[in-house]
Amino acid sequence: MIDLNLLRLVPILAKEKSVTRAALKANLSQSAFSHALNRLREQLNDEMFIRTRNGMEPTPYAAMMIPVIESALSKLDTATRGPSHFDPLRDAHTFYIGAVDYFEFMFMPVLTARFKTIAPNVRLSVDILSETIKVERVEQGQLDAFIGVDNVQHIPHSFNKHKLISDHFVAIASVERTDLPEQLTIRHLVSEAQIHLPAVSSGADHIDSWLLEQHLYRPLATVVQSYAVGGRVAVATGYLMCVPFRIARELATMLPLRIMQLPEGAPSYDLLLLTHRLFDYQPAVQWLITELKAAKI
């Protein structure tokens, strides 16, 4: 086995062309440098450097080795130095995040506005694919994080969990539905036609699970893929839609909708930030985690 401490002397001598100067550069005595060079010659069975009028010149074999040694030493230096520093004010970086619709609807406007000031070259790219695909991509390092919903999906042990936000469910309907009370009853939920946005792609849902525990179910008239579309359908049809309160509040500022409370005991909506232990030690990802947890929604 070749000693790496010997190999690192080769590019130094090739640059300095003098054993005296190379020894000084390597923080060695001249005799120690010469001894190391002789050991390398013996191990590689090549003269490595020849004294000429222009100084110590590498042999063809040594000249071929120099770029390989420099590349290997550079990679070793990067690997042993640890993760690089991340400066959000200066560094250009794109974070890839798998997320549910709640995150995109509520967090993206806030984060994009904040990053415009504190991280002008940082971009967020949100992927709304199935939870299984998102988990796989985080494990493969293709996504930096996954924003999921607690209690409705399996989270592998290799993930770190960070609670982002807790919300509670309410119902929305067209302002024309003046026949509905300010707080709905179970009877309303099991008799009123409703718009459904699954919490996760598997179809698991907080409200359905809660009703099922009581051996009840609600009539679902249509299924949508975003809160914005669901709100428009509610206005057009008069159907109910159960959504987290913060979503309802935003929709009611954009559309003629009213907000009603659900019966006592309705479940909460808890959003989780999930990162993988293989990758989340990186300074950039740590910065992202801090920003996501601090976002004011």
Name the one entry in ALA14, ALA23 that is within 50 Å of the chain's Cα centre (by Cα) and either within 19 Å of SER71 (Cα to Cα) or at pLDDT 95 or above (or both).
ALA14
State all residues of region 94-108 that are open to solvent by 60 Å² or more (accessible area, probe 1.4 Å) and either at pLDDT 95 or above or more than 16 Å from ILE128 (Cα to Cα) (or both); if no residue qualifies, say none.
none
The residue that is surrounded by the most Cβ atoms within 10 Å (Cβ to Cβ), considering only those in region 43-62 that are among the aliphatic types (A, V, I, L, M) and touching a strand residue (DSSP E or B) at 6+ places or on another chain (Cβ under 6 Å), is MET56
Within region 27-42, restricting to residues that are among the small types (Gly, Ala, Ser) and in a helix (DSSP H, G or I), the one that is surrounded by the most Cβ atoms within 10 Å (Cβ to Cβ) is ALA36
Which one is farthest from SER209 (Cα to Cα), of the residues in region 163-186 that are hydrophobic (A, V, I, L, M, F, W, C) and in a loop (DSSP other than H, G, I, E, B)?
VAL175
How many residues are farther than 20 Å from ALA99 by Cα and open to solvent by 20 Å² or more (accessible area, probe 1.4 Å) when one looks only at region 237-251?
3
Is there a residue being open to solvent by less than 30 Å² (accessible area, probe 1.4 Å) and assigned to a helix (DSSP H, G or I) anywhere in region 254-275?
no
Can you pull out every residue in region 238-296 that is modelled with pLDDT of 95 or more and on the phi > 0 side of the Ramachandran plot?
GLY238
Among (1) in a loop (DSSP other than H, G, I, E, B); (2) in contact (Cβ under 8 Å) with a residue 24 or more places away in the chain; (3) surrounded by 11 or more Cβ atoms within 10 Å (Cβ to Cβ), where does HIS85 come up short?
(3)
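Okay, residues lined up against (1) of a type in the set (Gly, Ala, Ser); (2) within 25 Å of TRP287 (Cβ to Cβ); (3) in contact with a strand residue (DSSP E or B) (Cβ under 8 Å, 6 or more places away or on another chain); (4) assigned to a loop (DSSP other than H, G, I, E, B):
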{"residue": "GLU136", "(1), (2), (3), (4)": "no, yes, no, no"}
{"residue": "HIS154", "(1), (2), (3), (4)": "no, no, no, yes"}
{"residue": "LYS161", "(1), (2), (3), (4)": "no, yes, yes, no"}
{"residue": "HIS188", "(1), (2), (3), (4)": "no, no, yes, no"}
{"residue": "LEU212", "(1), (2), (3), (4)": "no, no, no, no"}
Within region 149-162, is there a residue that is among the basic types (Lys, Arg), in contact (Cβ under 8 Å) with a residue 12 or more places away in the chain, out of contact with any Leu (no Cβ under 8 Å at 6 or more places or on another chain) and under 24 Å from ARG277 (Cα atoms)?
no
Name the residues in region 192-236 that are in contact (Cβ under 8 Å) with a residue 24 or more places away in the chain, of a type outside the set (A, V, I, L, M) and crowded, with 16+ Cβ neighbours inside 10 Å, would you?
GLU192, GLN194, HIS196, PRO198, SER201, ASP205, HIS206, TRP210, ARG218, TYR227, GLY230, GLY231
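The values are calculated or read from the model by the stated rules, or taken from the named source; none is laboratory data. From a predicted model like this one, the values you see are computed outputs, not experimental measurements. Because the Cβ atoms are built from the backbone with ideal geometry, glycine has one as well, and the counts that use them run over all protein chains shown. These accessible areas exclude ligands, DNA and RNA; they are computed on the full protein's heavy atoms, side chains included. Shrake-Rupley method; radii C 1.70, N 1.55, O 1.52, S 1.80 Å.
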